[in-house]
Amino acid sequence: MKIFSLPAVGLAAGAAAAAGLAAAVALHRHPLPSVLLIRGVFSSANKFQATKIQPHIPGFRVTRHRGLHYLGTGKPSLDLFLPATDRKPLPVVMWIHGGAWISGSKEDVAPYLKVLAGYGYAVVGVGYSISPEAVYPTAVKELNAALAFIREHADRYGLDPNRIVLAGDSAGAQLAAQLALAVTNPEYARDTGVVPAAAPGQLRGILLNCGVFDLDAVASMAGPVGWGLRKALWSYTGSRDWAATSAAAHMSIPAHVDHRFPPTYISGGNGDNLTLTQSLPLADRLEELGVPVVRSFWPQDYRPALGHEYQFQLHRPEARESLQQTVAFLEDVTGVSALPRRPLEKVIALEEDLLAELPEIEEKLAA
């Protein structure tokens, strides 16, 4: 669960300067040194207050099926979170983690996905190949394969293959939007090189949190955030002149959405550099096209400012409000009401694998 201020990516630039001229030359000639620096920043910022999220895990059990290999064997894999309920089949939320296409893991969002599953939905955290080990459009094709796996194994796990909601955070939101385009737009699917794993009517909605959508805006973005995203896109597209590539044009969501795009929940913090240039313009564009949109934004002068990935910080009331809006959106688009839950408690029954993770989390927090 990435809880960090996106401008922290700028630390990578500072680190490079401190390393001297040789490092600066390396950063200029190849994306890998920059990618490794950015990964390091993201990794160190990937600590979260486990003790603060505990009271917000619903008071019923969630079963986690780990490491389901949706491509057959080996990596990548997906995790499936199922609530303890006799209500079947369950609507599915397929969540794609962020990380600027070059970092991150489904483990980062696992605690939040358990929370969401506790409301009565089957929630899937999908791993995918990141750059520079894999370049565009590998991740999109893998995610389509994950969607096919979910539908093919629906009966086994009690899933409803006709009530699927895509979701993502940060770069994962961009990937979720691309997958939604492939499902709802045959021309886009053909140009992406995928056969959609679901029909448009089976995709009920999409959750987009703190996403990157407009690559033209990224190309002109100032400051450390722009620097970090441009380095990441160099790596992800395989081209230093990434903005001129067909990949960048194809990835830019506002240029391809139309009225067929699914109902959308879209959110961003007022302290997130991406909200004004990415999330708000996309929300406006979708509304112009007649797509149902649920917005979750805050005034620019709201304090304390809400940074990138604020929705994961469940010790904050704004994140809990976002969670309730997310659940309400799921109820609306799936037509399935959330399970009733007890009031927030300080002492709750945690699922066994989360308990096993707490010592490691607390050790990281103490470091």
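Things to note:
- When 158, 172 are checked against the criterion of being within 16 Å of the chain's Cα centre (by Cα) and of a type outside the set (A, V, I, L, M, F, W, C), a single residue qualifies: 172.
- Sub-6 Å Cβ pairs linking a first residue in segment 202-227 that is in contact (Cβ under 8 Å) with a residue 40 or more places away in the chain to a second residue that is open to solvent by 10 Å² or more (accessible area, probe 1.4 Å) and assigned to a strand (DSSP E or B), at least 6 apart or interchain, are 202/162; 204/163, ordered by first then second residue.
- Residues satisfying the stated conditions in segment 69-86, i.e. more than 11 Å from residue 122 (Cα to Cα), surrounded by fewer than 21 Cβ atoms within 10 Å (Cβ to Cβ) and either touching a residue at least 60 places away in the same chain (Cβ under 8 Å) or not hydroxyl-bearing (Ser, Thr, Tyr) (or both): 69, 71, 72, 74, 75, 86
- Search result, residues across segment 261-285 that are of a type outside the set (A, V, I, L, M, F, W, C), within 19 Å of residue 100 (Cβ to Cβ) and either touching a helix residue (DSSP H, G or I) at 6+ places or on another chain (Cβ under 9 Å) or part of a loop (DSSP other than H, G, I, E, B) (or both): 267, 268, 269, 271, 272, 273, 277, 278, 279
- Checklist (1) open to solvent by 60 Å² or more (accessible area, probe 1.4 Å); (2) farther than 22 Å from residue 95 by Cα; (3) not small (Gly, Ala, Ser) applied to residue 315, failing item: (2)
- In segment 98-115, of all residues being in contact with a strand residue (DSSP E or B) (Cβ under 7 Å, 6 or more places away or on another chain) and crowded, with 23+ Cβ neighbours inside 10 Å, the one that is nearest to residue 177 (Cα to Cα) corresponds to 98.
- Residue within segment 225-237 that is buried (at least 19 other Cβ atoms within 10 Å of the Cβ), touching a strand residue (DSSP E or B) at 6+ places or on another chain (Cβ under 6 Å) and within 20 Å of residue 169 (Cβ to Cβ) present: no
- If you go through segment 305-317 and keep only what is free of Cβ contacts under 8 Å to residues at least 24 places away in the same chain and over 19 Å from residue 114 (Cβ atoms), you end up with just 317.
- Total residues in segment 106-147, condition in contact (Cβ under 8 Å) with a residue 60 or more places away in the chain and within 24 Å of residue 189 (Cα to Cα): 8
- Scanning segment 286-308 for residues that are assigned to a helix (DSSP H, G or I) and crowded, with 19+ Cβ neighbours inside 10 Å yields one hit, 286.
- Exactly one residue out of 202, 174 is open to solvent by 20 Å² or more (accessible area, probe 1.4 Å) and out of contact with any Lys or Arg (no Cβ under 6 Å at 6 or more places or on another chain), and it is 202.
- Residue in segment 147-167 that is open to solvent by 10 Å² or more (accessible area, probe 1.4 Å), under 21 Å from residue 238 (Cα atoms) and not aliphatic (A, V, I, L, M) present: no
- The single residue among 182, 283, 189, 248 that is at pLDDT 95 or above, in contact with a Lys or Arg (Cβ under 6 Å, 6 or more places away or on another chain) and open to solvent by less than 20 Å² (accessible area, probe 1.4 Å) turns out to be 283.
- Residue 209 passes every criterion in (1) within 20 Å of residue 164 (Cα to Cα); (2) surrounded by fewer than 21 Cβ atoms within 10 Å (Cβ to Cβ); (3) of a type in the set (S, T, N, Q) apart from (2).
- Residue in segment 256-263 that is more than 23 Å from residue 112 (Cβ to Cβ), under 21 Å from the mean Cα position of the chain (by Cα), open to solvent by less than 50 Å² (accessible area, probe 1.4 Å) and of a type outside the set (S, T, N, Q) present: yes
The values are calculated or read from the model by the stated rules, or taken from the named source; none is laboratory data. This one's a predicted model, so the numbers in the text were calculated from it and none came from an experiment. Methodologically, a virtual Cβ is constructed for each residue, glycine included, from the backbone with ideal geometry; neighbour enumeration extends over all protein chains shown. Ligands, DNA and RNA are stripped out before the accessible areas are found, and what is left, the full protein with its side chains, is counted by its heavy atoms. Shrake-Rupley method; radii C 1.70, N 1.55, O 1.52, S 1.80 Å.
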